Amino acid sequence: MSTQIEQQETETEADEETEPEVESPGDRRRAQRDERQAQEQAQREVEEETLDDEDTITLKVFRYDPEVEGKQEPRFDDFRVPFHKGMTILDALIYARDHYDSSLTFRHSCRQAVCGSDALFVNGRQRLGCKTQISELDDPIRIEPLPHQEVVKDLVVDMEHFYDQMEAVEPYFDADETPDDKLEEQRQTRENREKVKMSTRCIWCGACMSSCNIAAGDNEYLGPAAINKAYRFAMDEREGENRKQERLRIIEQEHGVWRCQTQFSCTEVCPKDIPLTEHIQELKREAVKNNLKFW
Amino acid sequence: MSQSYNRGTVEDFGRWREFTAGMWAWIFHKFTGWVLVGYLFTHIAVLSTAVGVDPASAQAGSDLYTSTISGLESLLIVRFLEVGLLAVAVFHILNGIRLLMVDLGVGLESQDKSFYASLLLTGAIVVASVPTFLGGKLA
């Protein structure tokens, strides 16, 4: 953070000094950049040396940026970060970005496992950065972007396909009948609420989709999150019959629920503890029941 | 537009550190399934070429079928392969029952325990079968 202030100072100084010379603006900026990098490097070395060895952790962070020369070949960068009790992966990443390398890129927003922005591949498993305690992990901590999604930069993956799949199951209510009084609520029984409760907790982080190796091999497979979304609406008693039938038709296709081979990977990694496999299995049974006619 | 870096399947698999029970169950189920398919075809090929109906030699115990079987049984490697086949078949059956339960939605919370149970039971049955398979005299 302090680097930014210094950077502004050097810029104004340099502007005044170099104006009469015939140096091109590019040269000047390059010189400034070199100077800044040297400063940052020195500062980082000083900071790392002053860290006590006992309460630091080492992060090994995946780095890749197709737009920057020297980062086009993926590599791992080490960051030594001071540890404090209750520190999460996201805290450590934020520290590394703010103190060492401002170009370290990752998504985060709410920092309390609600927004679903920071699902990462930490020590060989999909975890939510803000919900994972560093004290539970082995040092050094290896942080990578989610597998089976394309990496845009550093820890940022392309979520477009995941969002497309989520929308493919038509995740919205379409009740057949609404209360006559416009101000009246559409009520649901307590039992029904309990049934869909867990499925409503999805935060669209994409950890399940990334952990599913069926989804990895079959791009058309809806994936656990989307099927869970379908479950949430299909099992809700307020849902209209037409929409329910239409949604069941979508999920019972070849690349719908039947792709699931019950590996339970999604259920294991889900940061909101949604029993995804159970919901997929229930929709399989629902799809069969819906098509069986004995008369 | 930035192009994104394609990580490829090999790297994806190599970076995986933690497999959980359900994943191991899936891998073992696939593996044992393919072994059983392979065994089925070997079984058909060997036995269909070893069938010859000759009552006289059958009486004397020297017909093609008997000599093929006793010839195979005299090889130590075949005895060990039989134990392996039993292990593979038993695991496939037990995990198949587990998967049936999963499909019926019974006890999904304890799916990992049922996987470990099927492994233990497989181990116990295989150990118990060793005297039967390896006990007989090698001709």
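The values are calculated or read from the model by the stated rules, or taken from the named source; none is laboratory data. Source: prediction; values computed, not measured. Cβ coordinates were reconstructed from backbone atoms using ideal geometry, including for glycine residues, and neighbour counts include every protein chain displayed.
Residue A:93 fulfils the conditions (1) of a type outside the set (Asp, Glu); (2) assigned to a loop (DSSP other than H, G, I, E, B); (3) more than 22 Å from residue A:224 (Cα to Cα); (4) more than 14 Å from chain B (Cβ to nearest Cβ) except for a single criterion, (2).
Within the range B:119-135, residues that are part of a helix (DSSP H, G or I) have Cβ atoms under 9 Å from residues that are of a type in the set (Asp, Glu) and surrounded by 15 or more Cβ atoms within 10 Å (Cβ to Cβ) in these pairs: B:129/B:82; B:133/B:82; B:134/B:82, counting only partners at least 6 apart in sequence or on another chain. Where helices (runs of 4 or more DSSP H) fall wholly inside the range A:183-295, the ranges with 2 or more residues that are within 27 Å of residue B:28 (Cα to Cα) and of a type outside the set (S, T, N, Q) are A:207-211, A:213-217, A:224-234, A:265-269, A:276-291. From the list B:117, B:128, B:87, the lone residue that is at pLDDT 90 or above, small (Gly, Ala, Ser) and buried (at least 16 other Cβ atoms within 10 Å of the Cβ) is B:87.
Within the set A:163, A:172, the sole residue that is closer than 30 Å to residue A:64 by Cβ, of a type in the set (Ser, Thr, Tyr) and more than 14 Å from every other protein chain (Cβ to nearest Cβ) turns out to be A:163.
Of everything listed in (1) closer than 18 Å to residue A:168 by Cβ; (2) free of Cβ contacts under 8 Å to residues at least 60 places away in the same chain, the single unmet condition for residue A:277 is (1). Would you point out the residue of the range B:25-70, among those that are more than 17 Å from residue B:85 (Cβ to Cβ) and touching a residue at least 40 places away in the same chain (Cβ under 8 Å), that is nearest to the other protein chains (Cβ to nearest Cβ)? The extreme case among them is B:25. Residues that are assigned to a strand (DSSP E or B), closer than 21 Å to residue A:218 by Cβ and either acidic (Asp, Glu) or more than 7 Å from chain B (Cβ to nearest Cβ) (or both) within the range A:143-157 comprise just one, A:157.
Residue-wise test of (1) surrounded by fewer than 21 Cβ atoms within 10 Å (Cβ to Cβ); (2) touching a Leu at 6+ places or on another chain (Cβ under 9 Å).
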{"position": "A:103", "(1), (2)": "yes, no"}
{"position": "A:110", "(1), (2)": "yes, no"}
{"position": "A:115", "(1), (2)": "yes, no"}
{"position": "A:119", "(1), (2)": "no, yes"}
{"position": "A:123", "(1), (2)": "yes, yes"}
{"position": "A:136", "(1), (2)": "yes, no"}
{"position": "A:143", "(1), (2)": "no, yes"}
{"position": "A:151", "(1), (2)": "no, no"}
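Does residue A:122 satisfy the criteria of being closer than 29 Å to residue A:70 by Cα, assigned by TED's automatic domain parsing to the domain that holds residue A:67 and of a type outside the set (Phe, Trp, Tyr)? Against the criterion (closer than 29 Å to residue A:70 by Cα, assigned by TED's automatic domain parsing to the domain that holds residue A:67 and of a type outside the set (Phe, Trp, Tyr)), residue A:122 qualifies.
Set side by side, the residues A:203, A:280, A:250, A:227 differ, and just one is within 14 Å of chain B (Cβ to nearest Cβ) and not charged (D, E, K, R), which is A:280.
Of the helices (runs of 4 or more DSSP H) that lie entirely inside the range B:1-70, those containing 1 or more residues that are over 30 Å from residue A:212 (Cα atoms), modelled with pLDDT under 85 and not basic (Lys, Arg) span B:55-60. When A:170, A:160 are checked against the criterion of being surrounded by fewer than 19 Cβ atoms within 10 Å (Cβ to Cβ) and free of Cβ contacts under 8 Å to residues at least 24 places away in the same chain, A:160 stands alone in meeting it. What are the residue pairs meeting all of these: first residue in the range A:137-156, first residue free of Cβ contacts under 8 Å to residues at least 24 places away in the same chain and more than 16 Å from residue A:127 (Cβ to Cβ), second residue of a type in the set (Asp, Glu) and in a loop (DSSP other than H, G, I, E, B), Cβ atoms under 6 Å, and 6 or more apart or on different chains? Note: pairs meeting the criteria are A:150/A:158; A:152/A:158.
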